[in-house]
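Written below as structure tokens is the structure these notes are about.
The values are calculated or read from the model by the stated rules, or taken from the named source; none is laboratory data. From a predicted model like this one, the values you see are computed outputs, not experimental measurements. In this analysis, Cβ positions are derived from the backbone assuming ideal geometry, glycine residues included, and neighbour counts consider all displayed protein chains.
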Amino acid sequence: MYAEVPGGVAYWLRRLGGAVTGSIGRLGYASRFLLAVLWHSPQAFRRIQLTLREIYFAGVLSLVIILMSGMFVGMVLSLQGYETLKRYGADEQLGILVALALVRELGPVIAGLLFASRAGSAITAEIGLMKTTEQLAAMEMMAVDPLARVIAPRFWGGIISLPLLAALFSAFGIFGGYLVGVRLIGIDAGAFWGQMQAGVDFWPDVTNGIVKSVVFALAVSLIAVFEGYDSKPTAEGVSTATTRTVVISSLAILALDFVMTVFMFRGTGT
Amino acid sequence: MNRAAIDLWVGIFVAIGLGAIVFLALKVGNLLTIGAEPGYRLEARFDNIGGLKLRAPVKAAGVVVGRVESIRLDPKTYEAVVSLRVDRSFEFTKDTIAAINTSGLLGEVYVSLDAGGETVMLKDGDRIGKTQSAVVVEKLISQFLFDKAAESGNAKK
Amino acid sequence: MPAAPHADSHAAPTPTDRVERRGAAIELADVSFAYDQRLVLRGISMKIPRGKIVAIMGGSGCGKTTILRLIGGALKPRSGKVIVAGQSVPDLNADALYALRRRFGMLFQFGALFTDMSVFENIAFPMREHTDLSEELIRDLVLMKLHAVGLRGAASLMPAELSGGMARRVALARAIALDPMVVMYDEPFAGLDPISLGVIGQLIRKLNDALGITSVVVTHDVYESLKIVDYLYFVSEGRIVASGTAEEVRESADSYVRQFVDGEPDGPVPFHYPAQPYAKELLTHVR
């Protein structure tokens, strides 16, 4: 059957086909998993302590990296932006530049990427390890559904944490931009904040940024818990799963960002 | 980590997170400065709106009093029909002039309202009688060249 | 000596437990199971009477743990029946299965303790999940279970701070937290030092008798098993190759049983993995 095609090509075609069908199958499995997690979610809220604990581990413990990164990004934006704007005599627009860049794009996206690497991988590793040491199986044998008790709280913990982190990232970024722009470079504070207020609209800029961060939160949280739950119960399996979480989450964030940006900011000139 | 400590930290986290959102909405964005009231609608027709876009500001004496709500073309008269949403706390006279200006040479395009001396005020849904279209730089330049050419033509005669 | 946990009472998790306090009978009838295409069990039939300890023995990978999973309803057999306390396990819906599992206890191979909780909380876990008992009552019950396994003083330790033997004893206390009717042990003797081996063995026997439960022990440790179990089944290549009481097994003339009990390297279970004849393989490289 494969005789007509040179062996090498047939082999790679078969592998490609297998990979594609495998990925689509996995996507379907992940969707069913999402439905199952949502179905078991009420318990995560009835016993709110479980979810609060996960918000602590995913959100509070990410604060340091998010706030510091936010500040640095804002400061760099300010520096780079000033150089370019100065050439067109538009350096007073620096406030708008920093604010819009952060609120519309960089806040949700970078916070999402950092969250995926820090909290997402931790969640995957934790769940994977519980699977490997048979803790999840033990729970099932004790008639406690691990989806309700272990997975759902972590899922919702991520969904609640990331939008808040993204807003904090943007806020601290703007503050960093202010520090560099006004304090360091010497742009007029009034122009900085005034232009910013005039140029950044609540609808659509701030709200779209929030919507983006919520969508990213959904994607990262789902991927993190799914990869953990689905990991092979060995040390290698867990490490593969954590890598997959970071890689797939990052790609998902960037792809979703593109799609959403097209829909959200298409019609807005300035 | 005991429960009380976790609750405390989560509470702090959520509080500052919401605080950041409020900060972005109010200080960075302009959620409340647009005016709490929905505002009333005024219509203005222009021959050329230039670079005017949706949500561009409407200013009087340089102060923002509203936003451009919609822009469409009248298929019969080929005029641009611009709908303005103006803050209720400002009223304009019936002989107000609506003009399309650019702030600076490369700045944003906005609609300016110049009030006149009449006693009657514009109401919700009224049309502004006098309008001044946008200055299109290309036309300016070709006008200038044309004038220059005519001038040198006259000089030769 | 484990204190016999409370006679009956208000502390029993569900009323029906009082009726079936004497353990439950388990029966497998002609059960077959395959992982993907690989047939792991072929027509297994076994009866585990109430209140007895039965050992399922065999080499690694012969399907012993699969049998436990079938009994617990985590897997569905390809054919055959799995009956516990008169109910056919594979046919139960999710709610009925969970109700059944609340009356099971399972000791996993390395304990499977929840690493983010202390010893006390691990044992309190099933109580908090399935009963409405007050915290004071739960505390008393947990201490009672810990006392039964001799670890009452370790209540506030974390699983990471326990030795292998201690972790397994805590897991055992957790398995009996709700006074189950069936307790399943997956390799309870694996990797333990001689003292711990003796301790676990004795605990399995004493708890079985004190609580009147049915115990299923999956293991390959013949020596320890023969000391405590009532009946043994030997599984090889998915089939039951031998069975008998502890006495019968000790005296058995069956070659498989003898190889297993005496620890012979070669016998019905061959030493050599299937391969070409040795001479042939060596010579094929000489051209």
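Laid out as a table, the results:
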read-out: Answer from A:ALA167, A:ALA101 - the residue that is surrounded by fewer than 23 Cβ atoms within 10 Å (Cβ to Cβ) and within 14 Å of chain B (Cβ to nearest Cβ); value: A:ALA101
read-out: Of all residues making up region A:83-98, the number that are away from chain B (no Cβ under 11 Å) and either closer than 19 Å to A:ALA116 by Cα or surrounded by 23 or more Cβ atoms within 10 Å (Cβ to Cβ) (or both); value: 2
read-out: In region A:166-214, the residues that are of a type in the set (Ser, Thr, Tyr) and farther than 24 Å from A:LEU254 by Cα; value: A:TYR178
read-out: Residue list for region A:195-209, filter: modelled with pLDDT of 85 or more and facing chain B (nearest Cβ under 7 Å); value: A:VAL206
read-out: Candidate set from region C:14-26 (those that are surrounded by fewer than 18 Cβ atoms within 10 Å (Cβ to Cβ) and outside any loop (DSSP other than H, G, I, E, B)); member that is modelled with the lowest pLDDT; value: C:VAL19
read-out: Candidate set: region B:1-13, residues that are at pLDDT 90 or above and within 18 Å of A:ARG47 (Cβ to Cβ); chosen: the one farthest from the other protein chains (Cβ to nearest Cβ); value: B:GLY11
read-out: Residue match in region C:187-199 (condition: aromatic (Phe, Trp, Tyr) and either touching a Lys or Arg at 6+ places or on another chain (Cβ under 6 Å) or outside any strand (DSSP E or B) (or both)); value: yes
read-out: Cβ-Cβ under 7 Å pairs, at least 6 apart or on other chains, region A:131-152 side more than 8 Å from chain C (Cβ to nearest Cβ), far side acidic (Asp, Glu); value: A:PRO146/A:GLU140
read-out: Residue check, C:TYR278 surrounded by 15 or more Cβ atoms within 10 Å (Cβ to Cβ) and of a type outside the set (A, V, I, L, M); value: no
read-out: Residue ranges of strands (runs of 3 or more DSSP E) in region C:42-155 with at least 1 members away from chain A (no Cβ under 14 Å) and over 15 Å from the mean Cα position of the chain (by Cα); value: C:79-84
read-out: Filtered residues of region B:59-101 (kept if within 13 Å of chain A (Cβ to nearest Cβ) and closer than 25 Å to A:TYR88 by Cα); value: B:LYS59, B:GLY62, B:VAL63, B:VAL64
read-out: Criterion: over 19 Å from the mean Cα position of the chain (by Cα) and either at pLDDT 80 or above or more than 8 Å from chain A (Cβ to nearest Cβ) (or both) - qualifying residue of B:LEU52, B:LEU18; value: B:LEU18
read-out: Residue tally, condition touching a Leu at 6+ places or on another chain (Cβ under 9 Å), over 20 Å from A:PHE115 (Cα atoms) and not polar (S, T, N, Q), over region A:35-66; value: 5
read-out: Extreme residue, surrounded by the fewest Cβ atoms within 10 Å (Cβ to Cβ), among residues of region C:213-239 that are more than 20 Å from C:LEU70 (Cβ to Cβ) and not β-branched (Val, Ile, Thr); value: C:TYR223
